[in-house]
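Written below as structure tokens is the structure these notes are about.
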Amino acid sequence: MSLQLKAIVLYNLEGEVRWLPFRLGKLNIITGLSKRGKSGIIDIVDYCMGRSTYSVFEGVNRGVISWYAIILSDGKNDFYIAKPEPEIGAKSQSAAFFKVGQFDEAIPFGDLVTLVNDTYVRAELSKILGFQTNLAIFSNSSSKTDFEVSVKHSKFFIFQEQGEIANKRVLFHRQADEGVAAGIRDSFPVILGATRPDHLILLEELRTQRRRLKLIEKDLSERRSISGGPSQRASDIAAQLVDIGVLNAKTDMSQPKAALESALEWRPSNLSIPNEDSVEESRMELRRLRETLNEVIGERDRLKSYLNQFTGFTDELEIQRRRLEPLGLLNDSTALHCPLCGSLSDDANMEVQTAREILIGLKDELSGVELERPKLERYLESVNQQVNDLRFDIRSKEKVLTSMLDEREASLQMRDRELAAARVVGKAALYLETAFEGDGDRDEIEFRKQEAEAEIARLEQKVDIEAIRSRTSAILGNINASISRYAKVFQHEYCDFPFKLDIRELTVKVQTLDQEIPMLRQGSGENYLACHLATLLALHDYFIKAERPVPRFLILDQPSQVHFPRQDEFYDVTLERTQQIARDPEIFAVKRDLKGLYDICEEHGGKLQIIVLEHASFPDAFFREALVEPPWTGKGGLVPEAWLR
């Protein structure tokens, strides 16, 4: 069943919503300046589709976004998947929200509750896409081991990050990550439909049985060699015991049994590891002290500001008092004298009376102010002391927390060393229990060897590698024809020759008249880009026609980089400049590639959605039609500017 991306939804800490919709079955283009969030889109979609590892770009998102969400649509139902941002410092987060329905707007912030996890999300998406559940429990294992091919494998074919899309060494998403290339190779036959759905289960069980056979054969070899003296296995274990510190380097290794038996006397020490809860309590207490300090410092700053204003006020009062006091308006006589000649006046001037009242008022205010100042200064002194006390408490708490963390780290390291020592001592004990027992149970081991060989033969028949290779080859023949056709659309230098997808080496090769050229040696960045685009589009052609369980969307991050390498620039080709630069080969190539992607979407009649994240803008009608939003310049971006403030 087809799945396409209907929208990305972001929620900030206050529950405000950023809604970013996409057109289904069409080319969608998001373009704009760098550092506007375009490259975070792949990580957000991947994160919400069940990847626990949090790789959404750092920076403006941290402390701004509280939830990430996507809406996937299969044409009948919408699937709303949301995940909260991990706690600060955490590298993963698996709790999720999942709801089925019709969604043309964001679900209210208050309704988002993490009732499921990534395992559930992956299982549901795998079921929607049409993957068959194939969970294996191997008889030789004490735990369930999940080797199913699922939506997590299909995601290798729907994303191309900025560092992947023109990479000469890496063809598929995350191919360079540890262990991922093997996962792509193993799952390819299932994704293509060349083998049974439980292929990986059978393949892993076959590998397990082969490993088991090797151990049995090694055990037999040890038992046969032990009668002739110290075996290599005994020497290896003894050397490990020396390295880990259980045995002294001067131990006599000519007598392996005695050396290994002496190691069994080793006992681990009694370690006391600080409880994580107590560490977290110290962290919370330190956080509370810092918050209190910030509040007290804020109060102190406000008090200082008030005192500064207070001082200015008293200075102004003093100036006014000094101006009026020489006039003698405050002598003991109740009669009014002329302030100039000192003569007594029966008809007192009202202005003199007013001046006297003002001066009296000024003196009263000054007296009141001077009474208040000591109180304020004492209060400021107490606040300063509170600041100093809090800083002292914080430093003390930091020392305690650092000591606890150091002690915990040292204890954990010691525990790890002792666990390693215990494992090697266990090896020695097991070896002594088996290797020195003699040959009495050799017949039993021989029987187990025959049993493992028979099981391997049965599994090899079921896996039927040759039949899988034959079917895969036939399917790849059709895919290779499409790659060659799309190589012409994107003007690969060798587009007149046939192309071949090599799923073992995970690369694309060109078969010229006299040699086979892998992608690594095909030359320019434009050729590498053409290889990536042609291969992924050819695969999606096949996925659509064969109804394979892969989402029907493809997200490409900055395919124009091979032509516009500066990632910090925005290339806006306006209508007025079109004729002047029409002959510019770089601009022509970018437009050609984007128009090719547009036409391919149209050819598929709504069954394929392509989302391009770009740094270039063109006035052409197809480009304007494909724009999701106006170019992210000025205040535009994935995260609203108002949220950042």
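What the table below lists for this structure:
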quantity: Solvent exposure ordering (accessible area, 1.4 Å, most first) of Glu505, Glu285; calculated: Glu505, Glu285
quantity: Residue pairs, from the table Lys304/Lys399; Lys168/Lys462; Lys38/Lys83; Lys152/Lys488; Lys35/Lys152; Lys168/Lys500, whose Cα atoms sit over 26 Å apart; calculated: Lys304/Lys399; Lys168/Lys462; Lys152/Lys488; Lys35/Lys152
quantity: Share of carbon and sulfur in the accessible heavy-atom surface of segment 1-93 [1.4 Å probe, %]; calculated: 54
quantity: Positive minus negative residues near Ile71 (Lys, Arg vs Asp, Glu; Cβ under 12 Å); calculated: -2
quantity: For Tyr379, solvent-accessible area (1.4 Å; no DNA, RNA or ligand), Å²; calculated: 110
quantity: Under 11 Å, Cβ to Cβ, from Asn480 - net charge with Lys/Arg +1 and Asp/Glu -1; calculated: +2
quantity: Heavy-atom SASA rank of Lys6, Lys304 (probe 1.4 Å, accessible area, largest first); calculated: Lys304, Lys6
quantity: Euclidean distance of C-alpha centroids, segment 585-645 and segment 29-52, integer Å; calculated: 14
quantity: Sequence of Lys35, Lys545, Lys26 from largest to smallest accessible area, 1.4 Å probe; calculated: Lys35, Lys545, Lys26
quantity: For Trp643, solvent-accessible area (1.4 Å; no DNA, RNA or ligand), Å²; calculated: 40
quantity: Accessible area (Å², 1.4 Å probe, nearest 10) - Glu295; calculated: 120
quantity: Radius, Kirkwood style, for segment 474-545 when every pair of distinct Cα atoms is counted (Å); calculated: 11.9
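The values are calculated or read from the model by the stated rules, or taken from the named source; none is laboratory data. The shown structure was predicted, so the numbers you read here are calculated from the model rather than taken from an experiment. Backbone-built Cβ (ideal geometry, glycine too); neighbour counts: all protein chains shown. Quick note on the areas: whole protein, heavy atoms, side chains included, nothing else; ligands and nucleic acids left out. Shrake-Rupley method; radii C 1.70, N 1.55, O 1.52, S 1.80 Å.
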